[in-house]
Every structure is written in structure tokens, then in C-alpha cells.
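Written out below as C-alpha cells is the structure these notes cover.
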Amino acid sequence: MSEENQRCGRCGVKVTADEIGATKKLVNRGSQVYFCLDCLAESFEVTRQDLEKKIVYFKNMGCTLFQH
């Protein structure tokens with residue numbers, strides 16, 4: 001299945017490119033199961049806003065896992 005049609009491996013909601021990038025960055029770069037920000041935040045015991053700030057940080061640092 002292509003990445004643009006992926007769903008969260010936990011709750012089933014369609015995931016965005018940033019959520020795919022966050023899963024690869026924070027969980028496993030080779031992951032083929034992706035998670036939405038809400039499920040990632042719950043797993044890491046942080047807020048969704050914390051993850052959104054991290055995504056901006058990673059993008060600004062030039063991380064290739066995120067679209068710029």
C-alpha cells in the first residue's frame with residue numbers, strides 16, 4: 001500500500017505525510033505501520049502540540065523524512 005493511503009496502526013484514521021515522517025523519525029525509520037499524532041503523543045506521554053513543535057524543528061533542521 002502506498003504511503004498516501006496509510007491509516008494509523010492503532011486507531012485507523014488516515015495519516016498525513018508529517019505523521020508518517022514522525023513515525024519514522026520517532027519509532028523506526030523502516031516502519032511500514034504508521035501512527036497519527038494523537039496516538040504517537042499518547043504512546044510517548046506528551047501532547048500533540050509537543051509533537052507538532054518537534055515536526056517543525058525537524059523540518060527546520062532539514063530532516064528528509066518530512067516534506068518542506
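The values are calculated or read from the model by the stated rules, or taken from the named source; none is laboratory data. Since we're looking at a predicted model, the values are computed, not measured. Cβ sites come from the backbone with ideal geometry, for glycine too, and all protein chains shown count toward neighbours. Please note that ligands, DNA and RNA were not included when accessible areas were found on the heavy atoms of the full protein model with its side chains. Shrake-Rupley method; radii C 1.70, N 1.55, O 1.52, S 1.80 Å.
A few comments on the model shown:
- The residues of the chain present an accessible area of 67 Å² per residue when probed at 1.4 Å with all protein chains retained.
- Formal net charge of residues neighbouring residue 58 (Cβ-Cβ distance under 12 Å; K, R +1; D, E -1): +3
- The dipole here belongs to the chain: it is taken about the Cα centre, uses +1 on the Cβ of Lys and Arg and -1 on the Cβ of Asp and Glu, and is about 160 debye.
- Among the protein heavy atoms of the chain, carbon and sulfur supply 49% of the accessible surface, probe 1.4 Å, non-protein parts ignored.
- Using a cutoff of 8 angstrom between alpha carbon atoms and counting only pairs six or more residues apart, the relative contact order for the chain works out to 29 percent.
- Calculated mean residue ellipticity at 222 nm for the chain: -13500 deg cm²/dmol, from DSSP H runs with n ≥ 4 weighted as -39500 (n - 2.57), summed, divided by the residue count and rounded to 500.
- Using the Karplus relation 6.51 cos²θ - 1.76 cosθ + 1.60 with θ = phi - 60°, the per-residue 3J(HN,Hα) values for segment 15-24 come to 9, 8, 4, 5, 5, 5, x, 5, 4, 5 Hz, with x marking Gly and Pro.
- Chain lengthening between residue 48 and residue 64 when straightened (0.36 nm per residue, less Cα-Cα): 3.6 nm
- Mean shadow area of the chain over all directions, Cα convex hull, nm²: 4.2 nm²
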